Amino acid sequence: VVEAFEHELGVAPGETTEDGEVTFRAVECLGGCGYATVVAVDHRYRQHVGPGDVQAIVEELRGHS
Amino acid sequence: VAIREVLLAGTDARDLTKLDEYRAVGGYDALPKALAMTPDALIELLQAANLRGRGGAGFPMCRKASLIDRRSPKPTYLVVNADESEPGAFKDREVMGRVPHRLVEGCLIAAHAIECKRVFIFIRGEYLAEYEILQAAVDEARAAELFGEMDITVHRGAGAYICGEETALLDALEGRRGQPRPRPPFPPVQGLYNAPTQINNVSTIATVPAILAGGVEAFKQIGVESSPGTAIFSISGNIVNPGNYELELGTPMRELIYDLGGGIPDGRQLKAVIPGGSSVPALAPEEIDVPLDYDSLQKIGTFFGAAALIVVDDRCCIVQLALRSAKFYQHESCGKCTPCREGTRWMVQILERFEAGEASVSDIELLESIGSRILGRSLCALGDFAVYPTHSYITKWRDEFVAHVEHGGCPYGGESSLEGIVAPLDQHTHSPVAEVPA
């Protein structure tokens with residue numbers, strides 16, 4: 001999932017995209033061990049995220065921003 | 001093996017986040033029963049139910065209540081620990097997100113037992129959705145005039161494992177940096193704002209309405225004699241069906257793992273189970289017939305903990321597993337006590353030597369020796385939590401440590417399931433979520 005985001009956003013964890021719109025961070029526990037992988041998008045959690053879901057998440061995020 | 005729902009009862013059929021729906025399943029019927037009793041009679045009743053704390057230590061809930069000095073000129077406080085932070089645990093999240101009113105009702109009952117007018121629920125900052133649901137339930141119950149002279153404040157933590165430790169939680173709640181306090185005095189004597197304070201886990205308090213509603217005898221029919229009731233078990237890791245399962249205490253661990261959990265994926269073999277969250281000694285496959293209750297787990301040298309089972313399959317390097325959890329506790333050590341602050345760091349450094357192929361066999365003894373000098377030597381148990389699992393790995397999987405020495409590094413050669421998951425911890429940061437978005 002991390003690699004998919006790196007590919008989709010073109011930045012590594014801890015970095016912000018060149019246009020300043022998206023910051024990608026690796027975060028600690030979001031309390032979802034049973035629902036891995038958990039991704040927090042603007043404070044809201046997505047559960048059971050697989051690499052295949054990443055493109056849609058980024059497009060949705062880009063659409064919002 | 002059967003699901004037995006007390007905490008989550010009714011959540012499948014109805015949306016119990018709503019007051020009307022919760023009332024439709026008998027919700028808030030226990031409250032007037034409790035309020036009609038004197039605090040002493042209520043404590044006696046809860047004592048007879050022998051409800052043990054679901055947060056980790058398993059301390060009888062009512063012993064905490066009976067220690068509260070109700071003659072103190074200061075107010076008494078009830079604090080609910082909703083700072084669920086133990087790796088592997090996500091049971092309280094389920095309670096708050098699905099049946100927040102049961103927690104609210106439990107708070108009002110437990111508060112009456114200690115003549116408390118002000119309840120605080122300390123919820124971890126990362127539980128944003130659950131906070132919103134819980135706050136809405138509190139507001140709804142208050143508007144329905146269920147609170148009487150009592151009130152409930154939901155306080156969001158800022159994200160630190162240590163704040164789940166009860167005295168650090170109190171400091172954080174008071175607006176200070178969350179660090180443990182020396183004991184004695186214990187919180188029932190001198191807790192929040194130096195006033196008598198009872199602190200209980202979410203699941204403990206949310207079990208209270210069922211005891212009042214159905215009576216003590218009916219409650220004691222559930223579970224085992226030494227630990228009546230149910231618990232929500234969180235199961236995660238290398239398991240086909242991860243998630244939360246509410247079961248009677250005393251249910252054999254094997255049934256949870258293989259029947260409900262569906263066993264280990266892809267035909268792999270079970271290697272270890274960490275039964276109570278990452279802080280407790282791990283069990284080997286031949287030990288998983290143990291009943292899931294406080295005393296049975298303690299009898300075989302581990303703990304019930306937060307009822308969080310982490311299942312580990314045979315792809316996992318035990319040294320990496322030890323390193324992953326030691327790094328977590330090193331990172332989360334608040335730094336107040338030297339044995340924990342320095343000791344967890346040393347443990348990480350030694351474990352890294354094993355992985356790098358720079359360890360000798362004597363480093364196994366060194367690791368044990370450092371661990372034994374962390375245990376019990378700090379204000380809280382955080383340092384101990386790094387030691388318990390590590391010591392169990394050394395005891396039960398010593399051959400893997402030796403193999404790292406003989407092989408000159410990790411014998412898994414990059415194929416361990418934790419490979420690469422160990423390193424990124426360095427770049428992990430806590431969730432930045434502090435404010436509730438508009």
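Observations on the structure shown:
- Those residues of region A:1-32 which are within 14 Å of another protein chain (Cβ to nearest Cβ), among the acidic types (D, E) and touching a residue at least 24 places away in the same chain (Cβ under 8 Å), in sequence order: A:E3
- Filter result for the condition that a residue is open to solvent by less than 30 Å² (accessible area, probe 1.4 Å), touching a residue at least 24 places away in the same chain (Cβ under 8 Å) and of a type in the set (G, A, S), over B:G157, B:G237: B:G157
- Against the list (1) surrounded by fewer than 23 Cβ atoms within 10 Å (Cβ to Cβ); (2) closer than 22 Å to B:K299 by Cβ, the condition B:G175 fails is (2).
- Which numbered condition A:E21 fails, given (1) out of contact with any strand residue (DSSP E or B) (no Cβ under 6 Å at 6 or more places or on another chain); (2) outside any strand (DSSP E or B); (3) at pLDDT below 95; (4) open to solvent by less than 70 Å² (accessible area, probe 1.4 Å): (4)
Every residue, every condition in (1) over 15 Å from B:T207 (Cβ atoms); (2) open to solvent by 40 Å² or more (accessible area, probe 1.4 Å), yes or no:
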{"residue": "B:G10", "(1), (2)": "no, no"}
{"residue": "B:D15", "(1), (2)": "yes, yes"}
{"residue": "B:K18", "(1), (2)": "yes, yes"}
{"residue": "B:N50", "(1), (2)": "no, yes"}
{"residue": "B:G56", "(1), (2)": "yes, no"}
{"residue": "B:P75", "(1), (2)": "yes, yes"}
{"residue": "B:R102", "(1), (2)": "no, no"}
{"residue": "B:C116", "(1), (2)": "yes, no"}
{"residue": "B:G125", "(1), (2)": "yes, no"}
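- Residue within region B:309-320 that is open to solvent by 20 Å² or more (accessible area, probe 1.4 Å), in a strand (DSSP E or B) and at negative phi present: yes
- The single condition among (1) within 13 Å of chain B (Cβ to nearest Cβ); (2) more than 10 Å from the chain's Cα centre (by Cα); (3) open to solvent by 70 Å² or more (accessible area, probe 1.4 Å) that A:D42 does not satisfy is (2).
- Taking the listed residues B:A34, B:A24, B:A13, the one that is more than 26 Å from the chain's Cα centre (by Cα) and closer than 28 Å to A:V38 by Cβ is B:A13, with no other qualifying.
- Test for B:P291: is it touching a strand residue (DSSP E or B) at 6+ places or on another chain (Cβ under 7 Å), open to solvent by 10 Å² or more (accessible area, probe 1.4 Å) and of a type outside the set (D, E, K, R): yes
- Residues in region B:107-133 that are in contact with a strand residue (DSSP E or B) (Cβ under 9 Å, 6 or more places away or on another chain) and within 14 Å of chain A (Cβ to nearest Cβ): 9 in all.
The values are calculated or read from the model by the stated rules, or taken from the named source; none is laboratory data. Treat the numbers as computed from the prediction; the structure is a model and nothing was measured. Every residue, glycine as well, gets a Cβ built from its backbone with ideal geometry; the counts of neighbours run over all protein chains shown. The accessibility values were calculated without ligands, DNA or RNA, using every heavy atom of the protein model including side chains. Shrake-Rupley method; radii C 1.70, N 1.55, O 1.52, S 1.80 Å.
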